[in-house]
Amino acid sequence: MKNLLRLVWLPLLSLFGCTTSYQPLDVVSHVDLEKYLGKWYEIASFPQSFQKGCNCTTAEYIKTEDNYIRVLNSCRKDSPTGEVKKAEGKAFLTDDKSNAKLRVQFFWPFRGDYWIIDLAEDYSYAVVGHPNREYLWILCRTPKMEKSVYDAILERVKVKGFDIAKLSVTNQECNR
């Protein structure tokens, strides 16, 4: 039983605490949720165990009448032609002023920070991070992002304290 508790709680504690001290993570000043809703393609991310082997990853955000946002993540496992894997969660606003800070829950009772730290004026791309700098996703409305846009995003997230060397570009071959 002790080993089971360690397996469950130790990884979760890493979500909430961090030994490295960072400046507070700035988010965008305002997110129009109606414009943010819809389908996004993952362009790059920090590799996470729950996304291991994912290709062609997408996220879809749907407003509900129950005061939360429905999150539908999907990917193809192990190759662009692999089996489709899906995960459904909920996102809750934690900052009504900017709408840029949310908590996402894929299984109760655990929630993780989902902060929108960069956003195109036309909502063509978004960058989502966590204050501990261990989670980062670069999202786009299309499966491919212009290199100049991607490079500019990298510069901005590096200034925010993210280690861009940890980024892994997502294979989006099946979505082109």
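The values are calculated or read from the model by the stated rules, or taken from the named source; none is laboratory data. Because the structure is a prediction, the values reported are computed rather than measured. Here the Cβ is made from the backbone with ideal geometry for all residues, glycine too, and neighbour counts use every protein chain on show.
Quick notes on this one:
- One residue alone among Gly89, Gly53, Gly82 is touching a strand residue (DSSP E or B) at 6+ places or on another chain (Cβ under 6 Å) and either β-branched (Val, Ile, Thr) or closer than 20 Å to Lys166 by Cβ (or both), and that residue is Gly53.
- With respect to the conditions (1) surrounded by fewer than 16 Cβ atoms within 10 Å (Cβ to Cβ); (2) at pLDDT below 95; (3) within 20 Å of Cys54 (Cβ to Cβ), Val169 lacks only one, and its number is (2).
- Residue list for the range 114-164, restricted to those being surrounded by fewer than 16 Cβ atoms within 10 Å (Cβ to Cβ), out of contact with any Ser or Thr (no Cβ under 8 Å at 6 or more places or on another chain) and among the basic types (Lys, Arg): Lys144, Lys147, Arg156, Lys158
- Looking across the range 34-81, not a single residue is loosely packed, with under 13 Cβ neighbours inside 10 Å, among the aromatic types (Phe, Trp, Tyr) and part of a loop (DSSP other than H, G, I, E, B).
- Residue in the range 109-124 that is outside any strand (DSSP E or B) and in contact with a Cys (Cβ under 8 Å, 6 or more places away or on another chain) present: yes
- Residue count, the range 89-98 (criterion: surrounded by fewer than 15 Cβ atoms within 10 Å (Cβ to Cβ) and basic (Lys, Arg)): 1
- Cβ pairs under 9 Å, 6+ apart, first in the range 46-58 and within 12 Å of Arg76 (Cβ to Cβ), second assigned to a loop (DSSP other than H, G, I, E, B) and charged (D, E, K, R): Gly53/Asp78; Cys54/Asp78; Asn55/Asp78
- Residues in the range 99-113 that are loosely packed, with under 15 Cβ neighbours inside 10 Å and touching a residue at least 60 places away in the same chain (Cβ under 8 Å): Phe110 only.
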